[in-house]
Structures are given as C-alpha cells and as structure tokens.
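Notes follow the structure.
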Amino acid sequence: MTHLPLEILPPAIGHRRCGNVDVDCVHRLDSGRPGPEVLAQALSHGDEICGAHVLRWLLEQALLPQRGRLTPVLANAAAFERFDAQAPHRSRFVDEDLNRVWSDAADFVLDIHSMHEDGQAL
C-alpha cells in the first residue's frame, strides 16, 4: 500500500466519546416527531478520519432533524485512538473490521469512508 502524506490531521473526538445513549460514541438526535431513522457512521476504520471531521462538525452545530431521528456514530473509536500519522493503516481496526457491520435498525445508513490511495472519488 502506497503511503501518501496526510492532507488533514485527525480531529479531537474525545469529548464526543460519551454519547447520549447506552453505547460509547453514539449520539441520538431526536426530533420528537415521527419520521425516518437515519444512521450516519464514521470511523468504521480507525484510519479513515474524514468522516470523523464531518460528524464532529455536525454534533457541534447542535442541530435537530425536523422529523424522525438522526444517529451519528463514531464507530471504531478504539482503533482511531491508536492513529499514527506515520503509519495510518495500523489503526484500521482493533479486534474486528467493522466494515458493513450494523445492528441499529435504521431506514437509511450513511457509512462515511476515507480513501488513502490516489485516485478518482467513488
């Protein structure tokens, strides 16, 4: 795997580790009105930091959906905490690759990944 220099550094998310449900790094934004359940997940892999920037920004805005619930999840915080800019791929996961592993009942899932290799956006 080719190592390219990082253009952005990992965001500070420690203050977001304690969510508002019984699972670390899970935050539920509930409109109080019926509507879709949307799961937005970042850090399926601890070395994919772009989504963590997005969800951190979203949570800092203190927005609420107009209907339904939005659940931002920083999925693999343990792997992310091991992130080393000199060897980013070593923090991909700890015990299990969380790629496409969801147990939350959601109508829509946005699983945000980052690409490390030079190439066209997917």
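The values are calculated or read from the model by the stated rules, or taken from the named source; none is laboratory data. Keep in mind the model is a prediction, meaning the values are calculated, not measured. We place every Cβ from the backbone using ideal geometry, glycine too, and count neighbours over all the protein chains shown.
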*Boolean, V101 is closer than 20 Å to R16 by Cβ, among the β-branched types (V, I, T) and either at pLDDT 80 or above or surrounded by fewer than 18 Cβ atoms within 10 Å (Cβ to Cβ) (or both)*: no
*asked:* Being farther than 15 Å from L110 by Cβ and outside any loop (DSSP other than H, G, I, E, B) is the requirement here; does H15 meet it?
replied: yes
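Hey, among the residues in the stretch 15-29 that are touching a Gly at 6+ places or on another chain (Cβ under 8 Å) and within 15 Å of L63 (Cα to Cα), which one's modelled with the lowest pLDDT? Steps first, please.
Of all residues in the stretch 15-29, those touching a Gly at 6+ places or on another chain (Cβ under 8 Å) come to 25-28.
Retained after the next criterion (residues that are within 15 Å of L63 (Cα to Cα)): 27-28.
Details: H27: 92, R28: 95.
Going through the qualifying residues, I end up with H27.
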*Tell me which of these A12 doesn't satisfy, since it passes every other one: (1) under 21 Å from S114 (Cβ atoms); (2) at pLDDT 90 or above; (3) among the small types (G, A, S).*
(2)
_L6, sole failed condition from (1) over 21 Å from D104 (Cα atoms); (2) touching a residue at least 12 places away in the same chain (Cβ under 8 Å); (3) assigned to a helix (DSSP H, G or I); (4) not acidic (D, E)_ = (3)
*Quick one: would you say R56 is more than 25 Å from I8 (Cα to Cα), at pLDDT 85 or above and buried (at least 16 other Cβ atoms within 10 Å of the Cβ)?*
no
